[in-house]
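The values are calculated or read from the model by the stated rules, or taken from the named source; none is laboratory data. Everything quoted here is computed from the prediction, not taken from an experiment. In this analysis, Cβ positions are derived from the backbone assuming ideal geometry, glycine residues included, and neighbour counts consider all displayed protein chains. Note: areas computed on protein heavy atoms with side chains; ligands, DNA, RNA excluded. Shrake-Rupley method; radii C 1.70, N 1.55, O 1.52, S 1.80 Å.
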Amino acid sequence: MKLIGMCGALRAGSFNRKLMHDAAARFGAADFTDANLRIPLYDGDEEAANGIPSPVQTLADQIAGADAVIVACPEYNQSLTGVMKNALDWVSRVDGSPWRDKPVALMSAAAGRAGGARANYALRLAMAPFRPVVVNGPEILVAGAAREFDDTGKLTNARYTDALDELMALLRGEAERRRAS
């Protein structure tokens with residue numbers, strides 16, 4: 001089973017990166033790749049002159065080759081991050097449809113009490129044209145994220161861990177169904 005994780009925060013110690021890695025561990029046995037979203041800003045002139053940058057093609061190939069994708073995105077200014085939107089925009093420009101029918105789990109961790117809900121909803125909207133299979137629940141919106149992770153980066157609140165276990169079981173089940181067909 002191949003699992004890719006995409007984190008909308010570049011900071012190594014971000015709560016969303018911790019959440020993504022905790023989710024990947026709960027997914028079960030898989031070859032996990034933490035995707036590199038340090039890619040150039042989308043520029044149509046650059047694309048016309050030089051084509052798809054190699055880090056973007058690598059990301060698209062990783063998505064296409066994965067059995068499932070975990071997307072963890074913080075909320076910046078009431079929406080998804082520029083890092084995540086840029087990655088989605090670039091991947092939409094590659095040949096083929098790497099997201100099409102791909103099982104995806106969305107999640108967010110944020111300092112505020114809504115846990116990144118607006119980012120999560122904006123992410124769903126931004127991904128809709130790609131037609132992935134977004135596992136709809138339970139929603140993982142970790143509020144007050146600074147209090148919810150231990151020193152090893154694992155969630156500590158049973159409400160979140162139980163929901164994350166359920167979401168990862170659903171994501172794995174969807175990936176296994178698609179793999180078997």
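Structure values in brief
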| read-out | value |
| --- | --- |
| In the stretch 25-49, the residues that are open to solvent by less than 60 Å² (accessible area, probe 1.4 Å) and among the small types (Gly, Ala, Ser) | Gly28, Ala30, Ala35, Gly44 |
| Count of residues meeting criterion [within 18 Å of His21 (Cβ to Cβ) and modelled with pLDDT under 95] in the stretch 154-181 | 0 |
| Looking only at the stretch 1-11, and only at residues there that are under 20 Å from Leu80 (Cβ atoms) and open to solvent by 10 Å² or more (accessible area, probe 1.4 Å), the one that is modelled with the lowest pLDDT | Arg11 |
| Hey, Ala111 over 12 Å from the mean Cα position of the chain (by Cα), free of Cβ contacts under 8 Å to residues at least 24 places away in the same chain and either over 26 Å from Leu155 (Cβ atoms) or open to solvent by 70 Å² or more (accessible area, probe 1.4 Å) (or both) or not | no |
| Count - residues of the stretch 35-54 that are assigned to a helix (DSSP H, G or I) and without any contact (Cβ under 8 Å) to a residue 24 or more places away in the chain | 7 |
| Selection count, the stretch 34-73, where residues are in contact with a helix residue (DSSP H, G or I) (Cβ under 9 Å, 6 or more places away or on another chain) and within 14 Å of Leu3 (Cβ to Cβ) | 10 |
| Members of the stretch 12-24 that are crowded, with 19+ Cβ neighbours inside 10 Å and of a type in the set (A, V, I, L, M, F, W, C) | Phe15, Leu19, Met20, Ala23, Ala24 |
| Among the candidates Arg17, Arg11, residue that is among the basic types (Lys, Arg) and within 30 Å of Glu176 (Cβ to Cβ) | Arg17 |
| Out of Pro53, Pro74, sole residue that is open to solvent by less than 20 Å² (accessible area, probe 1.4 Å) and of a type outside the set (A, V, I, L, M, F, W, C) | Pro74 |
| Top-ranked residue of the stretch 127-149 - restricted to ones that are open to solvent by 30 Å² or more (accessible area, probe 1.4 Å) and of a type in the set (Val, Ile, Thr), ranked as farthest from Pro98 (Cα to Cα) | Val134 |
| Any chance Gly82 is crowded, with 17+ Cβ neighbours inside 10 Å and farther than 16 Å from Gly5 by Cα | no |
